[in-house]
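Here's the structure, in structure tokens; my notes come after.
The values are calculated or read from the model by the stated rules, or taken from the named source; none is laboratory data. Not measured: the values here are computed from a predicted model. A quick note on method: Cβ atoms are made from the backbone with ideal geometry, for glycine too, and the neighbour counts reach across all protein chains shown. Areas reflect the complete protein model, heavy atoms only, side chains present, ligands, DNA and RNA absent. Shrake-Rupley method; radii C 1.70, N 1.55, O 1.52, S 1.80 Å.
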Amino acid sequence: AVMSLVKNMLGTNNIWVGAPNSNQASKLKTSLSKLSEVSESTPVLTKQELLERLLTEQALQALEHSHEVDTEEGCVKKKNTPQGTFIHHADIPDTYIKQLNTSEVPKYIFIDEATHFNLAELIAIDVAAKKYGIKILSAGDTLQKGAVISNMPSNVNDIFSWKSPALTISVRAGNSHK
């Protein structure tokens, strides 16, 4: 059922592909193209490029400092816990979202390694997606370090998500010899 859903999404050829870096984004596009035809013109975006396509300069500046514990950016709310300081909420005003032409707006954005995005970045992407009716499909491993920056652990768990059961053993595709 999941593969069928992804194939239907890819059939629109109106997608963006994003990941923390260009190598990961390119690999995601290659993997998706094995499921269905993916247009050559499909953008392959780094995390920063994805944020730049969706957000204003003011938003980017606010998010750039969101990982700093002592920042007082108005849109980012933090909470101190024994485990560290967490971003627990981000108020992203509509003025932080770029005005896009209808022709520029993808129907879907696929994001790999979503745990490398901090909560404020994910909320900003979500606000932009809601504004333009974009559907986001993201994946990430919450057991990896991900968005641990300046002693601020990832709290991606605060975003709506489906979780797979914990595996007793994990073998990556490139490590199938184990």
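On inspection, SER41 passes the criterion of being assigned to a loop (DSSP other than H, G, I, E, B) and either open to solvent by less than 40 Å² (accessible area, probe 1.4 Å) or modelled with pLDDT of 85 or more (or both).
Restricting attention to the stretch 11-42, report how many residues are under 20 Å from GLY140 (Cβ atoms) and touching a helix residue (DSSP H, G or I) at 6+ places or on another chain (Cβ under 9 Å). Break it down into steps so the answer makes sense when it comes.
Our first condition is that a residue be under 20 Å from GLY140 (Cβ atoms); within the stretch 11-42, this holds for 15-32, 35.
Narrowing the set further to residues that are touching a helix residue (DSSP H, G or I) at 6+ places or on another chain (Cβ under 9 Å) leaves 15-22, 24-25, 32, 35.
So the answer is 12.
Of all residues in the stretch 113-153, those being open to solvent by 40 Å² or more (accessible area, probe 1.4 Å) and at pLDDT below 85 number 12. Summed over the stretch 91-110, residues that are open to solvent by less than 50 Å² (accessible area, probe 1.4 Å), closer than 20 Å to VAL17 by Cα and either touching a strand residue (DSSP E or B) at 6+ places or on another chain (Cβ under 6 Å) or part of a loop (DSSP other than H, G, I, E, B) (or both) total 6. Among the criteria (1) open to solvent by less than 40 Å² (accessible area, probe 1.4 Å); (2) modelled with pLDDT of 90 or more, the one VAL76 does not fulfil is (2).
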